[in-house]
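Please treat every number below as a calculation from the coordinates, not as lab data. What you see is a predicted model, and the numbers here were worked out from it, not measured in a lab. Here the Cβ positions follow ideal geometry from the backbone for every residue, glycine too, while neighbour counts run over all protein chains shown.
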Amino acid sequence: MIEESSIERLRTSIDVVDVIGSYLELKKSGANFKANCPFHGEKTPSFVVSPQKQIFHCFGCGVGGDSIKFVMEFEKLSYPEAIEKLASSYNIPLTYTKGTNSGSSDERRVLEVIQNFYKESIHKTPHALEYLQNRGITNKSIEHFGIGYVGSSASVIEKIKQNQLPLPLAADSGVIAKGERGDYYARLVDRVTFPIFNTAGAIVGFGGRTLGNHPAKYINSPQTKLFNKSRLLYGYYLAKSTIYDTKEVVVTEGYLDVIMLHQAGFTNAVATLGTALTSEHLPLLRKGEPKVTLAYDGDSAGVAAALKAAKLLSTSGFEGSVVLFPEGKDPADMVSSGNLQELRNLLKGGADLAIFVIEHIKNSYNINNPYEKQKAITEVNSYLNTLNKVVKEAYALKAAQIFNTPLAYFNQKQRAQQAPTQQAQISKNPAWEAILKSMLHNNSLIDELLDIVDFSFAKGYEQAFRNLAANNLQDPVLRGIEIDDTVPLLDEAEFKAQILQELEIYYKTKLKELLNRQDLDYKRKSFLIRKIKTDILPRIKKGELVPHESNFTI
Ligand SMILES: [Zn+2]
């Protein structure tokens with residue numbers, strides 16, 4: 001874990017305008033800065049950054065917080081990842097506390113025992129070794145990647161029992177599963193096994209390639225506490241140092257591609273685990289800020305996957321390229337047949353991510369037909385609008401060249417990328433906002449007011465009052481009021497006058513409601529009406545802050 005003191009040091013040495021200004025174009029507006037909110041579609045800026053308070057707040061969708069929160073939201077990072085990102089961009093060293101035991105150590109022990117068992121088994125299994133040899137995998141790679149073999153289900157269960165590991169625990173680790181009749185069976189049978197490690201090098205699961213006629217060629221461990229396949233990348237642990245050194249990473253689609261690429265010296269290769277590349281992979285891919293080379297199959301499935309990944313990466317600010325291997329020539333085949341120079345050229349000569357997307361769109365229309373051309377241009381524009389502004393301008397120029405059209409066709413105004421926020425707009429009440437702001441700045445007013453009013457007095461601001469009373473200042477409404485220069489700060493006399501006015505409005509509204517109520521007992525109704533008319537309202541008019549009586553709730 002990152003030590004709190006170093007997070008504090010980071011907080012005090014970064015500036016919110018600097019941080020957000022590196023992502024968005026900020027315009028000065030009074031004491032604050034404004035921009036179009038990047039988190040919801042809008043045409044007029046309601047996204048405000050306050051250097052004084054070191055926070056940002058969107059009046060449109062309510063999102064807000066400090067610099068770290070912004071990076072979390074914008075980059076889709078976890079809290080520690082956002083801190084690490086900021087620390088590295090601003091050159092601020094972080095210190096870490098020693099990791100505590102996560103409680104998953106029992107599952108990990110099962111995985112380690114089983115991994116050793118699989119590793120031993122491969123050398124006793126000629127048909128498995130033969131398979132690997134036929135694929136061109138050397139003994140050195142078998143060792144380096146910890147490749148193993150699993151035979152029968154019974155042998156796995158026996159191994160677990162021999163090591164006195166509880167079967168339910170082994171099931172939690174994903175090695176075995178419980179059948180319908182309550183008996184346990186191994187998830188992988190007669191397969192070559194590939195251990196999967198997390199970024200720290202601890203084993204978290206397995207992939208298995210069948211050696212029989214099983215319809216599923218590859219199977220992965222199920223989702224467990226330790227294993228989340230949509231976040232992990234196969235080979236990352238072994239590729240990590242090269243990725244950091246070269247600032248390049250090659251993303252492939254298979255275990256064998258990774259192993260063969262490493263074997264051929266491309267030790268920065270990783271693979272997704274039988275899934276497409278998703279935004280969940282991005283925090284890991286972003287580490288070390290490498291350029292990403294997508295090395296996918298040239299068949300239609302590979303092209304579709306590459307297109308999706310290229311869009312995801314480019315709109316998330318990654319630089320990189322796409323390499324499509326000609327049919328029948330995946331990286332594994334090229335390495336095993338010794339075509340290293342050709343492979344090197346292919347990996348170096350990929351198409352830039354955004355160019356790949358633009359050309360793909362162009363090629364999917366018949367642009368000799370003006371109507372189709374128009375459609376293609378519209379599609380390219382909507383893609384360009386997902387890119388960062390500066391990057392977008394550069395690619396608008398390329399798009400104009402690719403389509404052989406004037407640049408103006410690709411310089412469309414930024415349109416809303418996401419559906420407008422679902423959150424209902426709160427109808428603003430300037431009086432309550434001024435009251436709340438004054439309370440934020442003068443805590444004694446909080447006590448004064450809480451003695452008098454019930455939160456229900458402040459229609460639409462109930463939650464803000466509750467949070468203020470609880471000193472929870474992260475409330476979006478409170479944050480918005482705090483940052484809004486048009487909300488005045490009241491002195492004590494003005495504060496009291498404002499409360500009196502609100503009290504009067506409240507009781508007059510109640511009175512009207514009461515007169516129209518048919519369901520109330522006559523006696524109670526007339527009592528309440530008389531109470532408001534002859535007691536409460538006259539006292540308010542005389543300037544008395546009449547306390548709210550709980551029995552008054554109608
Ligand atoms: Zn917003």
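Rounded to the nearest 0.05, what FRET efficiency do K510 and N345 give with R0 = 60 Å and r taken as the Cβ-Cβ distance? Could you check? FRET efficiency, K510 to N345: 0.15. When only alpha carbons are used to place a centre, the stretch 151-225 and the stretch 238-267 end up 26 Å from one another.
Summary of the geometry: the stretch 447-497 and the stretch 385-400, compared by the centres of their Cα atoms, lie 44 Å apart.
Residue pairs exceeding 25 angstrom between C-alpha atoms, taken from K161/K225; K53/K247; K348/K389; K85/K311: K53/K247; K348/K389.
When the Cα convex hull of the stretch 105-220 is projected onto planes of every orientation, the mean area is 7.5 nm². For the stretch 534-546, the Karplus equation 6.51 cos²θ - 1.76 cosθ + 1.60, evaluated at θ = phi - 60°, returns couplings of 9, 10, 5, 4, x, 5, 4, 4, 7, x, 8, 7, 6 Hz by residue, with Gly and Pro reported as x. Shape descriptor for the stretch 215-374: Rg over Rh equals 0.99 (Cα atoms; Rh from the Kirkwood inverse mean 1/r).
The calculated FRET efficiency for L520 paired with K53, based on their beta-carbon distance and R0 = 45 Å, is about 0.40. Summary of the geometry: the stretch 9-31 and the stretch 296-319, compared by the centres of their Cα atoms, lie 33 Å apart. Measuring nothing but how far apart in sequence close Cα pairs (under 8 Å, 6+ apart) lie, relative to its length, the stretch 236-356 scores a relative contact order of 26 percent. Put simply, the C-alpha atoms of the stretch 365-410 give a gyration tensor, and the ellipsoid matching it has half-axes of 19, 11, 7 Å, longest first.
Each of N363 and A301 was given a label point 7 Å from its Cα along the Cα-to-Cβ line. The distance between the two points is 2.0 nm.
What GluC sites (Glu not before Pro) in the stretch 129-205 are in a loop by DSSP, with at most 16 other Cβ atoms within 10 Å of the Cβ?
Working: sites: E130, E143, E158, E180; in loops: E180.
Passing both the DSSP loop test and the Cβ count: E180.
Annotation: the chain has a Kirkwood hydrodynamic radius of 28.7 angstrom, from the mean reciprocal C-alpha pair distance.
Here's how it looks for I2: its modeled amide H is under 5 Å from those of T97, which are all 5 or more places away or on a different chain.
Estimated purely from DSSP H runs of n ≥ 4, each contributing -39500 (n - 2.57), the mean residue ellipticity at 222 nm for the chain is -14000 deg cm²/dmol once divided by its residues.
Near E513: Cβ cut-off under 12 Å, other residues only, Lys/Arg at +1 and Asp/Glu at -1. The net charge is +4.
Entry note, the stretch 430-552: relative contact order of 33 percent, from Cα contacts under 8 Å with a spacing of 6+ residues. Mean separation of Cα pairs under 8 Å and 6 or more residues apart, divided by the residue count, gives the chain a relative contact order of 10 percent. Backbone N atoms of the stretch 138-166 closer than 20 Å to the 7 Å Cα→Cβ label point of H123 belong to residues 138-152, 156, 159.
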